Every structure is written in structure tokens, then in C-alpha cells.
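For reference, the structure discussed in these notes is given below.
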Amino acid sequence: MTSPVTATRPPKPGRKPFHLPLSGKFAVAFVGLVTLVLLINGAVDLTLNYQEAKQNAITVQREKAQGAAERVEAFVSEIENQIGWTTRAEWRRVSPEQQRYDFIRLMRQAPAITEVAYLDPSGREQLRVSRLEPDAIASGKDFSTSPRFTQALQDKTWFGPVYFRRGSEPYMTVAVAHAGRDPGVTVAEVNLKLIWDVVSAIRNGVSGYAFVTTATGRLIAHPDLSLVLRDTDLASLPEVAGALPGTAGARDYGIARGLDGGYVLAAHATVPRVGWIVFVQLPLWEAMEPLIESIIQTVALMGLGVLLAAVAGTFLARRMVVPIRQLQDGAERFGAGDFSERIVINTGDEIETLAHRFNLMAGRIQESYETLEAKVEERTHDLNKSLDDLQKTQSQLVQSEKLASLGQLTAGIAHEIKNPLNFVNNFASLSKELVDELAEMLRPASLDPDTRAEVDETAQLLKSNLDKVVQHGKRADSIVKNMLLHSRTGSGEHRPVDVNALVEESLNLAYHGARASKPRFNVTLVRDFDPAAGVADIYPQEITRVLLNLMSNAFYATEKKSDGAEAGYAPTLAVSTRDRGDRVEILLRDNGTGIPDSVKAKMFDPFYTTKPAGEGTGLGLSLSHDILVKQHGGAVDVATEPGQFTEFTITLPRGGVATAGPAPAGAAMDEPRSQP
């Protein structure tokens, strides 16, 4: 995950932070307290008003829904009553012509009835009069098993389910059994479109209305007749779905979205005889109109209260601030050197006490001013002594730095002496062996006794000298090794380390170190650590030195580029890790000056540097290369473009440190091998 971190710039000199005066703080505190009280009171009041307004609106909607259900039931009962005068016991004994005339008169009196039929006691149709189809006399159709016949005989009146004729107009079948023994049944087909008159007459506020659905949610009546004619199914509408039979936790009211998508307060009531549901709904904003008026009133009162609090707070603040300003002015004059300044305040409160304490302090300071020179001289003596101690400490620090530099110099000299010393020791031993071989070669030669004695003496003297050379060479070699051990810093032990944590710690150390040495230094740090990078078996101290060295070089490059860069240049160092199976990669990329090709070829050579004198020794990259390649068996690669960027890619084995052993961390280069 990448998380850019930008160093905070110090505030620009000359810009004074804003400070609220005491009067302003007092006024703000007073007004804030009053406002808080008003807000709490307004919130409680609005909550109570909301509950009351909601309960009143629900009660009104319930009453309207019940009234609308009663109107619809009255419409159905009126249809039943109209059919009832054709079900008298003697009616079936009149002539068919009279029966047909009675049916025609029934349809004239009840426009909602579009078809009426008479079924004899056996359930067969004897007469059917219709507005939409030809009349039928003695058709003999058998309805003996139809619910319109069986249920009507059982319950006296049967209301059939709502159906849509021609796919648009809602209809319902009403069957009424005749009186007397072996009764017949009068069956009427009722066009429910005429219920629209009943629904349209129901008034509910300004924008509210009522509508009727079946027990399954199909629309029967609605002020918008086109919805009814389209056989609209409202079962998916929240307010209808919650009112359907069998719905768990159903209530006879609720706040839901209406057909137009707006929020409405809806209530419903059931027409028991036919199983219909009558809904009455009102837009929520209209139902809560009393609450809106209450909110406006509460807000107005709160605004008035805040205004009065502001006026009162300002007045009280001025009453308190005037004596405080007198104290301030007196303190400024006293600070300017007028020790005779005294402040007179008569307020009878803590401010007057404070002025009295100030006057006492001024008197004591004026009294002690006479002995100030003696005290200054004493303090000056103490400061001089402290300065001497500081100079001694500084000298000790300089000496310590010199000793540290001497240690580095000793390591370099020891490295340089080591190689020729190995040559001296090796060639001395070899020369001793050659003397022995020369003596053996001269032994068979015919020499006079004096000459042979002189040759043997010379050979023995030469061997004795060579033994002394080897002896003192080994002593010098021991001294060099001790010098290297003394000047070398241990690299610690290798162990499994969390790579991401190590890189994060090194980045923080490098960044804060750069900020400590150069407070105006600024760079954007971008982190992109792979969680799968995991753990690697390394020398953590050595890898930390490598990362600190590379990060310091990156900071140096970005700083150099920013000195002459155009406006808008943002120094950036991006550090990331990548999982490569049995290896792990660490990438460091900066947008600094880059590295020319001529420098890139020699950048890992010891003592090679492009930095000015005093800013670099040329050993950092060389030592880093040895730690990564020789000590850890890893690799380091450089990708760069002059003037654009430089990217170092470090690859380390995950399973363990290379068997070559730790490289010297405090020396300039590796210890040279002995040569014959």
C-alpha cells in the first residue's frame, strides 16, 4: 500500500498566529452556552411535537380509512339490496317476460350491474339479461357445481373474486339466493369501475386520496381511472404489501413511498364482506405541516435567544475587559523600564486583587534593581566558568573525533601495510629454503676446507638473518591484525528479520537524520511494501547501514536538484519491497539529479566520490556493495537517467546469509589475501 508522507514545512517568519481577544472568548463562551441550552430545549420540544403530530396524523388517517371502508361497503350493500327485490319467493312463479322486465328495471336502477341471470333450484340458467351480450332465455346452462350457486344457497349471499373483463375493467359476481323452499339464485355481474365515484368523493387534505385493492393487491378503484383500466398490481408497493393478509407484524398505518415515489403517511381498513382493502394516504410533508410550523417557530425563538445572548455577552465582556486592558497597559509601561508605574483599579473583585499584587511586585522589583549590577557580575562570573567548562568539553569532543578519524586512518594504513608484509614473510621463508637447497647443491663440489668453511658460515649467517626477518615479520603481521580488529566495527549476528519493518525503520532513521542536520530539508516519502515480502535471514545491522547510505545519497541528489529546479518540483523518494520466491527485492527510487554513465561505471570503486571535499569519502557505495554481494550473497543493480531519476534494486537471498562470512563494516575495503 502506498502512503505518501510529506515533511511539514516550518511556519514562515513574520506571520503572526491569530489570537482571539479575551472579550471575544468570553462572548463566544457565553453565546455558546446559551445556544447549547436553546438547542437542547429545541431538540426536546421538536421531538415531543413530532411524536404528537405523528400520532394526530395517524389517528386522522385511521378515521378516514375506516370511513372510506364504510362507504365502499355501503356501495356493495346497495348492490345487494337492489338485487334483493328479485329474490322474493313468489318471483319465480311470474312469467318469463315479467322476469325479464324486472331484470331490465334492476339494471336501470343499478348502473353498476351489467348482467343479471336467474338460476332455477337445480342450478340451470333460465334467464340472462345483459348490457354487453344478447339476452338468453331457458339456455339450460348447468351451474349446479359453481360457487355462485352452491355458496349462494349456503350463505344466502356470495361475493365472487374480482376479475378483469377484456383485461382492463374490474368486475365482481354477486349471487343472492331466493327466499322460500327449493330456492333459485339471482346472479349479477357488477362493474367495479363505478366505485371510482365513491373513491373520488373521499377527501383527504389537499393532496391526499384513497384507493381500493383486492386481498392480493390488484387495484380496483383509484382517482386515476387509467391505473384501474390497466389492471395495475400494487402488491409490490410497500404500503400495500404490509397490509395484505398473512403479513407478519402488519400495522394499519405506516410511512412509505407512494406511487409517485414520494413519502406518504398511509392507513388502511378492510371491507370484511368482500375482503377488499381501502387505503387512505396523505403526503408526509402535508401530514407533518403542524410540525414544520413548530420547527419554524422554534428556530425563530432560538435565533432571537442567540441574538439576545450575543448582546448580553458583549456588554458583560466589555465590563470585564476594560480593567484588564488597564492592567495590560500598566504592564507594558513597566516592561519598558518605568518601575514607578502603579495601577489603580477599583472594581471590588479579583481583578482589583490582581492589580494590588502587581503593585507589590513592582515595588519589590524597583527595590531589588539597586543590587542588580552585583548580581549581574556574579552571573557573568558563573557564565564565564560555564563557558570554560563548555570549551573543555568541546576540546574533548574534538579529540574524540580525532581519535575516531585516527582509527579509520589506522585501518587504512593497516590494509596498505598488510600486503607488502605478506610478501616479506613469504619471500623470507622461501629464501631460507633456497639457502638450504644451495648448501645441498654445493656439498658434492670439490672445495678446499677454508672455502667450504667460509661458505657454510655464510649460509648459516644468511639463514639466521632470514629467521629473524620471519620472526619480526610475524610480529608485524600480528600488530596489523590487532590494528584491524581494533578499528573494525562488528556486524552482529545474522537472524530472521521482517524485511518491511527493517526498511521502514531505516527510512525513518534516514529521514529524521536528514531533518535534524538540515531543518529546511523537505522530501515526499512514498512507501509501497509488499505484505508477502515476509522474513529473510540477514545481518540486520549491516543491511541497515546499506539502506541508510543509499537513502542519504538519494536525499543529497534531490536536494541538489531542488536548488536549481523549476517551480513545482517535488523531491520524492519511493521505497518498495517485492516478494521473489526464495529472494526478496528492495527498491529505492529518487527523482534527483541521476548518475552519468561515466560515474556509474566507477561508483562502487573504493575512495571514488563526486561529492565536494568534506562531504564524502567514497567508501559508502563500495562498502555497501561488499555487504550485499560478498557478505550476503545478494546483488545490487542501478537504473538511472541523468537529470530524471536513480533507482537501486537490492536482491537478498531469503533462506540465509552467504557462507563467505561477515564483511568488515568499519574498514575501507576487504583484508587483502596473502600472496606468494
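The values are calculated or read from the model by the stated rules, or taken from the named source; none is laboratory data. Just so we're clear, the structure is a prediction, and the values are computed from it rather than from any experiment. Glycine also receives a Cβ, built like all others from the backbone with ideal geometry; neighbour counts cover every protein chain displayed. The protein model used for the area step is the full one, side chains on, heavy atoms only, and it has no ligands, DNA or RNA in it. Shrake-Rupley method; radii C 1.70, N 1.55, O 1.52, S 1.80 Å.
Which net charge results for the neighbourhood of GLU493, defined as the other residues with beta-carbon distances under 13 angstrom from its beta-carbon, given Lys and Arg at +1 and Asp and Glu at -1? Before the final figure, lay out each step's value.
Numbers: positive: ARG495; negative: ASP537, GLU542.
After counting each charged neighbour, the total is -1.
Suppose each label sits 7 Å from its Cα in the direction of the beta carbon; what would the ALA201-ASN346 distance come out to in nanometres?
Inter-label distance under the simple model: 8.9 nm.
Leaving ligands, DNA and RNA out of it, work out the accessible area of HIS494 with a 1.4 Å probe and give it in Å² to the nearest 10.
90
What ranking of LYS560, LYS156 comes out by heavy-atom accessible area, probe 1.4 Å, highest first? All intermediate terms of the calculation are to be shown ahead of the outcome.
Details: LYS560 95, LYS156 120 Å².
Sorted descending by solvent-accessible area, the residues read LYS156, LYS560.
Please work out how much length the chain gains when fully extended from ARG580 to ASP233, using 0.36 nm per residue of separation minus the C-alpha to C-alpha distance, in nm with one decimal. Working shown, then result.
Values: separation 347, 0.36 × 347 = 124.92 nm, distance 6.21 nm.
Result for the pair: 118.7 nm of gain on full extension.
Given 0.36 nm per residue, what is the gain on full extension from GLU440 to GLU70 after removing their alpha carbon distance, in nm? Write out the running numbers ahead of the final one.
On the way: separation 370, 0.36 × 370 = 133.20 nm, distance 14.41 nm.
Gain on stretching GLU440 to GLU70: 118.8 nm.
Hey, can you find the accessible area per residue of segment 495-561 for me, probe 1.4 Å, expressed in square angstrom?
Working: 2830 Å² over 67 residues.
On a per-residue basis, segment 495-561 sits at 42 Å².
What spacing in nm lies between the two simple spin-label points modelled at THR371 and GLU78, each 7 Å away from Cα in the Cβ direction?
11.5
Accessible area per residue, 1.4 Å probe, Å², for segment 66-111: what's the number? List each step's numbers first, then the result.
Values: 2540 Å² over 46 residues.
With all protein chains present, segment 66-111 gives 55 Å² per residue.
Structure shown: which of LYS560/LYS602; LYS64/LYS193; LYS600/LYS630 lie over 31 Å apart, alpha-carbon to alpha-carbon? Before the final figure, lay out each step's value.
On the way: LYS560/LYS602 21 Å; LYS64/LYS193 21 Å; LYS600/LYS630 20 Å.
Long pairs (Cα-Cα over 31 Å): none in the table.
How long is the gain from LYS474 to ASP530 if the chain were fully straight, where each residue apart is worth 0.36 nm and the alpha carbon distance is subtracted?
On the way: separation 56, 0.36 × 56 = 20.16 nm, distance 5.24 nm.
Between LYS474 and ASP530, full extension yields 14.9 nm more.
Based on the Cβ-Cβ distance of ASP338 and LEU307, what FRET efficiency does E = 1/(1 + (r/R0)^6) give at R0 = 45 Å, to the nearest 0.05? Working shown, then result.
Values: r = 44 Å, r/R0 = 0.97.
Rounded to the nearest 0.05, the efficiency is 0.55.
Rolling a 1.4 Å sphere over the protein heavy atoms, what is the accessible area per residue of segment 137-292, to the nearest Å²? Let's see the in-between values first.
Working: 7080 Å² over 156 residues.
Heavy-atom SASA per residue in segment 137-292 reads 45 Å².
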